[in-house]
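First the structure, in the form of structure tokens, and then the observations on it.
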Amino acid sequence: MPPYALKLTRVDEYAMQNGSPQQFIINTVTQLGRIFKVTPASPNCTESMLQDVQVAVQIEDPTRVLSRNHAAIHPPTEKNKPFAIKDLRSTNGTFVNGRQLEPNQKTFLHDGDRIALYTGAAFNAEIVDSAKNPNFGLMVGYFKDRAEDCVVDSSNEFGDELEKRGFKDNLTKLFHEQATRKNIFKAIEAIKGKVLKDGLFVLHFGGHGGDKKLRLGEESLSARELFDALQGARGKILMILDGCYTASFGEEELPPRSALVGHTGIAYAGAAGSIDPKDNQDRFYTSRAITKALRRRRHGIDADQIVDIVNEDPYIMANKTVAECHQGGVSMIYLPSICEPVDS
């Protein structure tokens, strides 16, 4: 795997109409098309053409001119060689800097090239450092009943620890009125386009749960809707759901390469002290327990260890609530070690 990656930034009219444009970061053989499943859809695209594809990126196409399997990006096979693109015998063609590619023939890509999947989507290509900040996080919080700052403070403390572990500049935060279904789905899609196969996507929720749903004021997000949105993510996924009865999410089929930490009963929030003894603000007990453990440990913590730590916390034990971990097709997912100097 090369130490650099190819970043594609969407620049067509559809991208501009939807605020921040789609971005994809690629460092493995990747299919571009209308679906994220690596399967041939017609005799034009054969199994042999897709045999090296490891992941697939779904591209929104209101014009409906993209093929299901439109093109494939190939990383260098030798040091200092460029990335390449190959048209998968798409119906309407693939273009680089205005020139249409021959089907099933690799064409080298360079920094600044413009890729067009006919008129369905266009991207600018940029070579980036793939080792920089490989991990991404999404912090979601909705807690309007009382102590609104509780969810923000608890989430931000946890986020501070993530920043020391390879998430710096890659944390998206949606609190209260920003924590809507639309914004959550949009944030997940943006992160899916950037997290690489060897990266980690942490989704943290603080707020009310129940009936296999996350409560978002007048809205809610079901386990199935959340897991469907996470389908197609290339990296591993760690979901920490600090809400009541969120362990029941594990009764549904989890996305591949994922783990979920949730509660079998009520998840408590209240005056539990804080990381800082001078701060007496309310906290979500579970998020606080995890943050305290991360501050004590410079090394990685896996999902099962997180559960053990939570269940040993005196505030959790006093309220007789229990956390559980569910795994989706992986044996272990780690919150990584500290990767930058921190104050002792």
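The values are calculated or read from the model by the stated rules, or taken from the named source; none is laboratory data. Just so you know, these numbers come straight off a predicted model, no measurement behind them. Methodologically, a virtual Cβ is constructed for each residue, glycine included, from the backbone with ideal geometry; neighbour enumeration extends over all protein chains shown. Protein only, heavy atoms only, side chains kept; ligands, DNA and RNA dropped before computing areas. Shrake-Rupley method; radii C 1.70, N 1.55, O 1.52, S 1.80 Å.
Against the definition (in a loop (DSSP other than H, G, I, E, B) and at pLDDT 90 or above), how does R146 come out, yes or no? Criteria not met by R146.
Scanning the stretch 280-296 for residues that are open to solvent by 20 Å² or more (accessible area, probe 1.4 Å) and at pLDDT 80 or above yields Y285, K292, R295, R296.
When F108 is tested against (1) within 30 Å of V202 (Cα to Cα); (2) hydrophobic (A, V, I, L, M, F, W, C); (3) surrounded by fewer than 18 Cβ atoms within 10 Å (Cβ to Cβ), only condition (1) is not met. Restricted to the stretch 54-92, and to residues there that are at pLDDT 85 or above and open to solvent by 70 Å² or more (accessible area, probe 1.4 Å), the residue that is nearest to the chain's Cα centre (by Cα) is R68. If the condition is being open to solvent by 50 Å² or more (accessible area, probe 1.4 Å) and under 13 Å from V152 (Cβ atoms), then the stretch 178-196 contributes only Q178.
When K164, K182, K168, K144 are checked against the criterion of being among the charged types (D, E, K, R), touching a His at 6+ places or on another chain (Cβ under 8 Å) and more than 26 Å from N69 (Cα to Cα), a single residue qualifies: K144.
Rundown of residues vs (1) open to solvent by less than 50 Å² (accessible area, probe 1.4 Å); (2) free of Cβ contacts under 8 Å to residues at least 24 places away in the same chain; (3) within 15 Å of the chain's Cα centre (by Cα), yes/no style:
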residue: G137; (1), (2), (3): yes, no, yes
residue: V140; (1), (2), (3): yes, no, yes
residue: C150; (1), (2), (3): yes, no, no
residue: S155; (1), (2), (3): yes, no, no
residue: F158; (1), (2), (3): yes, no, no
residue: K164; (1), (2), (3): no, no, no
residue: F167; (1), (2), (3): yes, no, yes
residue: L171; (1), (2), (3): yes, no, yes
residue: H176; (1), (2), (3): yes, no, no
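Inspect all residues belonging to the stretch 197-206 and state whether any of them is open to solvent by 20 Å² or more (accessible area, probe 1.4 Å) and either among the polar types (S, T, N, Q) or in a loop (DSSP other than H, G, I, E, B) (or both). The answer is yes, given that some residue of the stretch 197-206 is open to solvent by 20 Å² or more (accessible area, probe 1.4 Å) and either among the polar types (S, T, N, Q) or in a loop (DSSP other than H, G, I, E, B) (or both). Inside the stretch 88-132, residues that are closer than 16 Å to I73 by Cβ and outside any loop (DSSP other than H, G, I, E, B) make up a count of 17. Scanning the stretch 233-274 for residues that are assigned to a strand (DSSP E or B) and over 20 Å from the mean Cα position of the chain (by Cα) returns H263, A269, G270.
Scanning the stretch 24-53 for residues that are surrounded by fewer than 16 Cβ atoms within 10 Å (Cβ to Cβ) and at pLDDT 75 or above turns up just one, D52.
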